[in-house]
Amino acid sequence: MKEFSFAILKQKAKRVDWPLLLFLVLVLNVKLVVKLVGLLFIYLVRRNFHFRFSLKPPAIPLFYPAMIVIALVNFVVYALYSRANYSFLVLTGIGFWMVCILVFHQLSFAMKRSPLSVLHNTVTVFFLLNILFSAGSFLWIIMETGSLNPYRYQGMYQKYFIGTGDYIRGISFDTSTTNAILNALGVVYFLFRRQMLLSILCMSVMLLTSSNFTNLLMVACLLLLFILKSNRVQKSMITVYFSMMVAFLVNVSPQNNDYAINIAGKTLGRTDAGARENIIPADPAALPDSMLTVEQRKERAARTYLDSVTLAQQTAGDTPVKLPVLKIPKVNIYAPEYERKADSSAIRLQAIHFIRQMAKDSADPPKKLVDSASTGKIGKILAFQQLLQFMREHPLRSVTGNGTGNFSSKLAFRATGLRMAGGYPSSRVYLHEDFKQNHLAVYLTYFAEDARYHSIVNSPNSVYAQVAGEYGVAGLVCLLFLYVGYFLRRINQLSYGLAAGFIMAGAFVADYWFEQLSVVIVFELLMLLNLAEANRQAHE
């Protein structure tokens, strides 16, 4: 019996590409050094150095070398080599693009080396691991707070409460937004693979992260799928997903729903209504059962019964019976430990320190830190307005961009020494004036404010801003034709790949994902898998 069980386990183990799985776990880790270890590991295990670039899969897309060429052109044409420390910065930027090439090469090589069934099993195990890590984080929060619903728990100075999702980071230990987008990709992948339980689990983790941006992106994607590309079973599942979203926003985290509505109002030009401020609970008697906890429902039922008995006695003229006082332990939610702590976060202190340092060391600090966060404007919208204004004022620079790290990128933030995007050698610190007066100013405006302004909607981070600002119209053309076009060659035969592409196109608004080396890797793996399936169907 033991031999039989061992044989079964051994047989199942062969159905997973373990080196690829370990590579994915390592390269998606938030720490750059762990990513490099993962890259070193996979090239030691699979020593394939035959690089082929093409417009067609599964070769490496020409987009990546094109970005390196544009960076070198700017370096020479604009004589950026004359700037102190810039040579080191542009080499670092090229290094990031080289890592993207190395990662894609291994993903492409895996398509040739392993059967599609093995690759699908590997992807499934990866998502399962991420689900388990996310569930473990959520259980830890429940144990720490002692509340089954930490999204309503206001204790511990509101450490969790509306921000509970920020701590659900998954196997990458990156931001909760990264985890949310990973699971959004998982939702559509398993939906089209007809693995509905896994799809629901990914949807559950995505909701737990409380990423309003990803939720909105998911709603748009599911609506399009429902209308344009889904069968009866998939339409039923999409209905289930919408029900899960509504249930989460209404019953689990209504405060997060209020926050999302406030952000939507600000986007449409309404003033800030004080989102994410401490919310004063309404009288439980005035709320519907769906908005109450189990304890509050019991308390209201008991009080209603006692009130009805007293009223009946008074109506009949009887002498009121002295009932025992109902003593229900009640938490004082107005106590200090239930109010949001006003202490400055590490991010805010870094931003404030950097503003003071610039004012001290620079003769020309940012002219004004983009009005004020209190005006109720959305930081990301301001950042895109700055980008458009820059391109209008500098038409020649808009052709190939302002140069790597000179307008908007994770590398530009790293090079400041601010440490909000990772470490950088202090002797090589670099700060370009156009970055300082535009996107850095936006970031400092909001992140030097109270924590309620530290949101993805106020961050200037965006792939589109990076490519347009630092690589110009040429970079945008390369992104459209050499990257997007690369994956859409068999658009009519794509299934989950088409939905994943829609999600990724929207996600490019949120962060510098190519430099993050996280969700783009999973996206590319799913696209290569779907394209390989389409290619097989075309030849059958």
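The values are calculated or read from the model by the stated rules, or taken from the named source; none is laboratory data. This structure is a prediction, so every number in the text was calculated from the model and none was measured. Quick reminder, even Gly has a Cβ in these numbers, built from the backbone with ideal geometry, and neighbours come from all protein chains shown. In case anyone asks, the SASA skips ligands and DNA or RNA and just uses the protein heavy atoms, side chains included. Shrake-Rupley method; radii C 1.70, N 1.55, O 1.52, S 1.80 Å.
Of the accessible area of the stretch 57-149, computed with a 1.4 Å probe over protein heavy atoms only, carbon and sulfur atoms account for 74 percent.
Using a probe radius of 1.4 angstrom, the carbon and sulfur fraction of the accessible surface of the stretch 382-430 is 55%.
With all protein chains kept in place, the per residue accessible area of the stretch 179-252 amounts to 40 square angstrom at a probe of 1.4 angstrom.
Placing pseudo-labels 7 Å out from each Cα toward the beta carbon at Leu72 and Arg490 gives an inter-label distance of 3.3 nm. Heavy atoms of the protein chains alone define the surface here; on that basis the stretch 39-81 has 54 Å² accessible area per residue at 1.4 Å probe size. When only alpha carbons are used to place a centre, the stretch 133-177 and the stretch 77-126 end up 32 Å from one another.
A probe of 1.4 angstrom, applied to the heavy atoms of all protein chains, finds Cys100 with accessible area near 10 square angstrom. Spin-label model, His50 to Glu393: label points 7 Å out along the Cα-to-beta-carbon direction sit 5.2 nm apart.
Across the stretch 2-147, the convex hull enclosing all Cα atoms gives 192 Å³ per residue. The phi torsions of the stretch 399-407, fed into the Karplus equation with coefficients 6.51, -1.76 and 1.60 and a -60° offset, translate into couplings of 5, 10, x, 8, x, 4, x, 9, 9 Hz, rounded to whole numbers, with Gly and Pro shown as x. Rolling a 1.4 angstrom probe over the protein heavy atoms with all chains in place gives the stretch 423-540 an accessible area of 31 Å² per residue. Stretching the chain fully between Ser426 and Lys14 yields a gain of 143.6 nm (0.36 nm per residue, less the alpha carbon separation). Working from label points 7 Å from Cα in the Cα-to-Cβ sense, the Arg232 to Leu21 distance is 3.7 nm. Remark: relative contact order (the stretch 56-161) = 19 percent; criterion is Cα-Cα distance under 8 angstrom and separation of 6 or more residues. Given axes a ≥ b ≥ c from the Cα gyration tensor, I'd like to know whether the stretch 62-216 is rounded (a/c under 1.5), prolate (a/b larger than b/c) or oblate. Taking the square roots of the gyration eigenvalues as a ≥ b ≥ c, the stretch 62-216 is oblate.
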